[in-house]
């Protein structure tokens, strides 16, 4: 018995000292194993800071909690956003401190969350005035990758070689900080293994603005990869491209093990050879957690990707939640001041209302019909038909149950006035053809009292074949008359100083009275609210 007890004590002592030795190795005293893991927390296309009212998913305070949990497990955790966050949102359209908010709430929330890096998306270029974007750049504490977009040279007619001026931040203490095309990140783990990781950004070129100019994204990616290769052990991409182009990128550069993408709003993961292309759901309803494991001795990289649901099971991180609460109050106060009662119920949905971009940008929908019917009802010129660009509908969600005034503003965050026009049949046909060819993007048109007879290959307006030489009365969002919708520059029209239309094929433009608060035509959201209420 004594022998047994003595042997047992020896075994326990051996186990104790064995565990102690392991601790010392993991603490970095000469135990570099040549293997290191880096975790990427990926979001993309985030327009809302709070959970969705319809399904309680998303919420940046919850993402902040997940980030802290990942950091506790691995200090080499890096949080990224693959484009689109400045716009659009309900809050961004409102005023605070006598200025449009225009993404200020997003930047403050993401700063507090601890975001490390973003790539520009097309919606970062929604606002005509560069001043708004510059303010957001200056306020941010995270890095912006620019890739294939630059500030347009100030001198007209400069050559392509002038593609030099990068976007920048103005530092609080003076001076500027360039927004790079790519960056080298250095990581070190507990046992001393180091990793030089390169990351580059590229984006779609449809955020057209007079002060922005784009180069070819493939050439930009090639340039960044060439610059990063001699400086790094491994390179990853942070992109805002269509998934087809992300897969093309992965196929062209198989040495890139991970491409974290945005622009497509639904979660997906594609294996392209040895590479992973991943995108999460919009509005942080899901995020991706990528664990990149690199063996320096074998020069081998593996990536494990996990899609994480962001829902009520994750508690709010207090500091981020406080910023979210601040901006939610600002939002409610501003809406009330604009005559909108956020909690007022305007309709009870007997069936789900599908407002997802994957639906409204591809087919005629119930939400499109509802908005168009509201425009028809509030028109004063007895229109022959109504058209609505699907890009006006931004909630990208399936709404159920009670529909509130806040939901209407979420559906149509840009608001904007309705105009009533007379348009020549030939130009109307050109508009309808362009809308059909825009299937898949915001220029796809939702139609009322207008349809395509595919058998005859003709457009019908109010049941009759469209006549090129006839003038038609059409109601539409004023935005369409800016000519800024995809493939619709020909629709540009306004009233000159004498009240005459600047477009001969749109001889009549009737605008609402901007000074009359009772004229619901000033805001398409108010029209839809009043229509649903039954006023």
Completion exercise
Flagged in the stretch 505-525 as part of a strand (DSSP E or B) and either touching a helix residue (DSSP H, G or I) at 6+ places or on another chain (Cβ under 8 Å) or modelled with pLDDT under 95 (or both), in numbering order, are 509
Practice task
Could you please let me know if residue 383 is in a loop (DSSP other than H, G, I, E, B) and at pLDDT 95 or above?
Solution key: yes
Exercise for the section: Pick out the one residue from 283, 206 that is in contact with a helix residue (DSSP H, G or I) (Cβ under 6 Å, 6 or more places away or on another chain) and within 29 Å of residue 391 (Cα to Cα). Expected result: 206
Problem - Only one of 323, 330 that is over 24 Å from residue 268 (Cβ atoms), in contact (Cβ under 8 Å) with a residue 12 or more places away in the chain, within 21 Å of the chain's Cα centre (by Cα) and outside the structural domain of residue 53 (by TED's automatic domain parsing) - result: 323
Completion exercise
Just one listed residue, out of 226, 220, is in a helix (DSSP H, G or I) and under 14 Å from residue 146 (Cβ atoms), and it is 220
Completion exercise
Exactly one of 106, 43 is assigned by TED's automatic domain parsing to the domain that holds residue 309, touching a strand residue (DSSP E or B) at 6+ places or on another chain (Cβ under 7 Å) and under 12 Å from residue 284 (Cβ atoms), and that one is 43
Handout entry: Enumeration of residues in the stretch 409-430 that are modelled with pLDDT of 95 or more and touching a strand residue (DSSP E or B) at 6+ places or on another chain (Cβ under 7 Å)
Key = 418, 419, 420, 421, 422, 423, 424, 425, 428, 429
Practice task
With respect to residue 429, determine if the residue is outside the structural domain of residue 263 (by TED's automatic domain parsing) and either more than 22 Å from residue 370 (Cβ to Cβ) or in contact with a helix residue (DSSP H, G or I) (Cβ under 9 Å, 6 or more places away or on another chain) (or both).
Solution key: yes
Handout entry: Matching entry among 497, 456, 493, 489 (being under 24 Å from residue 415 (Cα atoms) and exposed (fewer than 14 other Cβ atoms within 10 Å of the Cβ))
Key = 489
Problem - Among (1) in a helix (DSSP H, G or I); (2) closer than 30 Å to residue 280 by Cβ; (3) at pLDDT below 95, the one test that residue 368 misses - result: (3)
Exercise for the section: Among the numbered conditions (1) over 16 Å from residue 301 (Cβ atoms); (2) touching a strand residue (DSSP E or B) at 6+ places or on another chain (Cβ under 7 Å); (3) outside any loop (DSSP other than H, G, I, E, B), tell me where residue 199 comes up short. Expected result: (1)
Handout entry: Subset of the stretch 427-444 (residues that are more than 21 Å from residue 470 (Cα to Cα) and surrounded by 17 or more Cβ atoms within 10 Å (Cβ to Cβ))
Key = 438, 441, 442, 443, 444
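The values are calculated or read from the model by the stated rules, or taken from the named source; none is laboratory data. Being a predicted model, the structure only gives us computed values, none of them experimental. Cβ sites come from the backbone with ideal geometry, for glycine too, and all protein chains shown count toward neighbours.
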